[in-house]
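Let me begin by presenting the structure, written as structure tokens, before commenting on it.
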Amino acid sequence: MKLKNKIAIVTGGASGLGEATVRKLVEMDNKAVIFDLNKERGDTLVEELGEAVLFQEVNVADDVSVQAGITTTMKQLKAVHILVNCAGIGPPVKTLGKQGPHPLDTFKEVIDINLNGTFNVLRLVAEQMAMNEPNQDEERGVIINTASVAAFEGQKGQAAYAASKGGIVGMTLPVARDLAWYGIRVCTIAPGIFHTPLFQGLGEEVVTGLSKQVLFPKRLGKPSEYAEMVSTIVQNSYMNGETIRLDGGIRMQ
């Protein structure tokens, strides 16, 4: 799919990987709709980037909220060609710690936002994509989900996070098979350790230690590099049903 004059929805688009994706899409002459709960940050991006960006205050885990965001998007922009699911949380909690067992409500919240939220948005956006006119490759849309290397090598305190991201990896191929008839491709990016707001408060010593675990280059990933992978997937019509690690070769111990 040519990445120009397209309309994309980016969940979690107000910060981190999602924000970088929004910026990349706008840079390449596309329009981006941010689905996020951070209205202040979302409005700031709209003010900065102009008419190419629309903000919708959306809770990805709530079907009514997502449907309202999609309805507004369709009324204003008339179509959706690309979906990038970046919304997610990852509070570190051990299965059994000094405070007792992992709170079940916390586990459910992570699954609900990361896994259920991803599926909730993609299922409703796919309905709109299926109505697009196909291009020369019979392509109507591209869906890109965000997993993590934690799906394969989860660390201590990541039981809920790893389970949610493993679920995203696991559903990638089945969803791609479901949507192939409609000409909609589905891929997942599994980032390694990226310099996002999650890492900004860890301090230089921690960041240096994490960087040493990367094979090459020995640094945290840049959100712009995630956005570049998004653009690659969208523009390469033969990429489908796959999870792509974007991690500098890291294999977590």
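Every read-out reported here was derived from the displayed coordinates using simple, explicitly stated rules and does not represent laboratory data. On a predicted model such as this, the values are computed, not experimentally measured, just so you know. Positions of Cβ are backbone-derived with ideal geometry, glycine not excepted, and every protein chain shown enters the neighbour counts.
Listing for the model above:
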read-out	value
Rg to Rh, two decimals, where the chain supplies the alpha carbon set and Rh follows Kirkwood	0.96
Ala190 long-range amide H proximity, modeled H, under 5 Å	Ala147, Ile244, Arg245, Leu246
Ascending count of other beta-carbon atoms within 10 Å, so fewest first, for Tyr226, Tyr182, Tyr238	Tyr238, Tyr182, Tyr226
Which listed pairs, of Lys2/Lys222; Lys24/Lys78; Lys2/Lys212; Lys4/Lys39; Lys39/Lys165; Lys24/Lys108, have C-alpha distances above 29 Å, in listed order	Lys2/Lys212; Lys24/Lys108
Paramagnetic label zone (point 7 Å from Cα along Cα-to-C-beta, Asn236; backbone N under 14 Å) in the stretch 155-175	none
For the stretch 51-63, 3J(HN,Hα) per residue [Karplus equation, 6.51 cos²θ - 1.76 cosθ + 1.60, θ = phi - 60°, Hz, x = Gly/Pro]	5, 6, 10, 10, 10, 10, 6, 10, 9, 4, 7, 10, 5
Folded to 0 to 90 degrees: helix 16-27 orientation relative to the chain principal axis, Cα	30 degrees
Cβ-based exposure ranking for Lys156, Lys94, in which fewest neighbours within 10 Å come first	Lys156, Lys94
Gained length - Leu77 relative to Lys108, 0.36 nm times residue gap less alpha-carbon distance	7.7 nm
Antiparallel bridges, percent of DSSP beta bridges restricted to the chain (to nearest 5)	5 percent
Where labels lie 7 Å past Cα in the beta-carbon direction, separation of Glu40 and Lys222 in nm	2.8 nm
Mean-position separation - Cα centroids, the stretch 76-136 and the stretch 24-74, in angstrom	15 Å
FRET efficiency, Arg177 to Ile244 (Cβ-Cβ, R0 22 Å, nearest 0.05)	0.80
222 nm mean residue ellipticity, helices alone, for the chain (DSSP H n ≥ 4; -39,500 (n - 2.57); rounded to 500)	-13000 deg cm²/dmol
Cβ-Cβ FRET estimate between Glu205 and Gln136, R0 fixed at 45 Å, reported to 0.05	0.30
Estimated vicinal HN-Hα couplings, Hz - the stretch 233-242 in sequence order (Karplus 6.51, -1.76, 1.60; Gly, Pro = x)	4, 4, 7, 9, 5, 9, 8, 7, x, 10
Interchain or long-range residues, amide H under 5 Å from Gly221's placed H	Ile193, Phe194, His195
Within the stretch 1-147, percent of DSSP bridges classed antiparallel, to nearest 5	10 percent
Long-range amide H partners of His102 with built H, under 5 Å	Leu96, Gly97
Exposure proxy ranking, count of Cβ atoms within 10 Å, fewest first, for Ser224, Ser65, Ser164	Ser224, Ser65, Ser164
Two-site label geometry, Leu96 and Lys156: point separation in nm, points 7 Å out along Cα→Cβ	1.5 nm
